[in-house]
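This report concerns only the one structure given below.
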Amino acid sequence: MNDTSHTQRKRSLPAVAWLLIGLLAGALAMTAWQARAAGSGYDPQLDVNHDGVINTLDIQETASAWDTSGDPTLVNLVTRGYYQTSATVPGNQALTACTAGYHMANMAEIQNTSALRYAKEVPGAVTAQDSGNGPPFSITGWIRTGVSSNTSTQVGAGNCALWTSNSAANNGTTVALQPNWLLAGSNLSPWDGLTATCSTPKRVWCVQD
């Protein structure tokens, strides 16, 4: 009985060895296939998500693992920037006030500031004395409302006739980050909204394309 078990174990060893060799050969073949499919520039070590392609998804995978402690260049690639212009313009110039690569922000694009990065490196971006790396509070700026043409004094509705008017008879919506942190929340938190006449020069909130 013992001889039989010993013989069976001896016979199973080559089978296990061949299985391991087969798995190794398969892995090498897959790497070679990925290299051919992706071109001569393919490096498996850079293919973080192992999809056979090196692209921004690999950067996102790496940056998300680092959170905010990794290479800021990589983090900036995946965190959308926003800023407020230091230049002030009437309502009919708000759509063209942002620097290249940015556009006038819709409220929904920047309401959740925790998912964004304040782009203070943009020339002309407003900063306050205690801003640090974040945005200024209390300073209002024109903001897109996401509704049809309107010139009323209702916050979230007035938009200087789709930002074509600089008339003192028309109104547009502005927002600022609320400096009073003890106020009860609202649909706009952490922002506060006001309207201004379209002839009034205001800063503009911009967000990355």
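Yes or no: Asn180 buried (at least 18 other Cβ atoms within 10 Å of the Cβ), polar (S, T, N, Q), without any contact (Cβ under 8 Å) to a residue 24 or more places away in the chain and part of a loop (DSSP other than H, G, I, E, B)?
It is false that Asn180 is buried (at least 18 other Cβ atoms within 10 Å of the Cβ), polar (S, T, N, Q), without any contact (Cβ under 8 Å) to a residue 24 or more places away in the chain and part of a loop (DSSP other than H, G, I, E, B).
Yes or no: Pro136 in the same structural domain as Asp192 (by TED's automatic domain parsing), part of a loop (DSSP other than H, G, I, E, B) and either closer than 16 Å to Gln208 by Cβ or among the acidic types (Asp, Glu) (or both)?
no
Take segment 179-202 and flag every residue that is more than 17 Å from Ser152 (Cα to Cα) and either of a type in the set (Val, Ile, Thr) or at pLDDT below 90 (or both).
Result: Pro179, Asn180, Trp181, Leu182, Leu183, Ala184, Gly185, Ser186, Asn187, Leu188, Ser189.
So how many residues does segment 162-172 have that are surrounded by 19 or more Cβ atoms within 10 Å (Cβ to Cβ), outside any loop (DSSP other than H, G, I, E, B) and either out of contact with any Cys (no Cβ under 9 Å at 6 or more places or on another chain) or in contact (Cβ under 8 Å) with a residue 40 or more places away in the chain (or both)?
Going through segment 162-172 one residue at a time, the tally reaches 2.
List pairs: first residue in segment 185-208 and free of Cβ contacts under 8 Å to residues at least 24 places away in the same chain and buried (at least 19 other Cβ atoms within 10 Å of the Cβ), second residue of a type in the set (A, V, I, L, M, F, W, C) and assigned to a strand (DSSP E or B) anywhere in the structure, Cβ distance under 9 angstrom, at least six positions apart or on different chains.
From residues that are free of Cβ contacts under 8 Å to residues at least 24 places away in the same chain and buried (at least 19 other Cβ atoms within 10 Å of the Cβ), the pairs are Asp192/Val175; Asp192/Ala176; Asp192/Leu177.
Quick check, is Ser114 at pLDDT below 95 and outside any loop (DSSP other than H, G, I, E, B)?
Answer is yes for this residue.
In segment 118-130, what count of residues is obtained for those that are of a type in the set (Lys, Arg) and at pLDDT 95 or above? Can you show your working first?
As a first pass, look at segment 118-130 and keep what is of a type in the set (Lys, Arg): 120.
Cutting the leftovers down to at pLDDT 95 or above gives us none.
Selection size over segment 118-130: 0.
Considering only residues of segment 76-109 that are hydroxyl-bearing (Ser, Thr, Tyr), modelled with pLDDT of 95 or more and not in a helix (DSSP H, G or I), which is surrounded by the most Cβ atoms within 10 Å (Cβ to Cβ)?
At the first step, the residues of segment 76-109 found to be hydroxyl-bearing (Ser, Thr, Tyr) are 79, 82-83, 85-86, 88, 96, 99, 102.
Of the ones still in play, those that are also modelled with pLDDT of 95 or more are 82-83, 85-86, 88, 96, 99, 102.
Keeping just the survivors that are not in a helix (DSSP H, G or I) gives 82-83, 85-86, 88, 99, 102.
Values: Tyr82: 21, Tyr83: 31, Thr85: 23, Ser86: 15, Thr88: 14, Thr99: 14, Tyr102: 21.
Checking each candidate, the answer is Tyr83.
The values are calculated or read from the model by the stated rules, or taken from the named source; none is laboratory data. Fair warning: this is a prediction, and the values are worked out from it, not measured in the lab. Every residue, glycine as well, gets a Cβ built from its backbone with ideal geometry; the counts of neighbours run over all protein chains shown.
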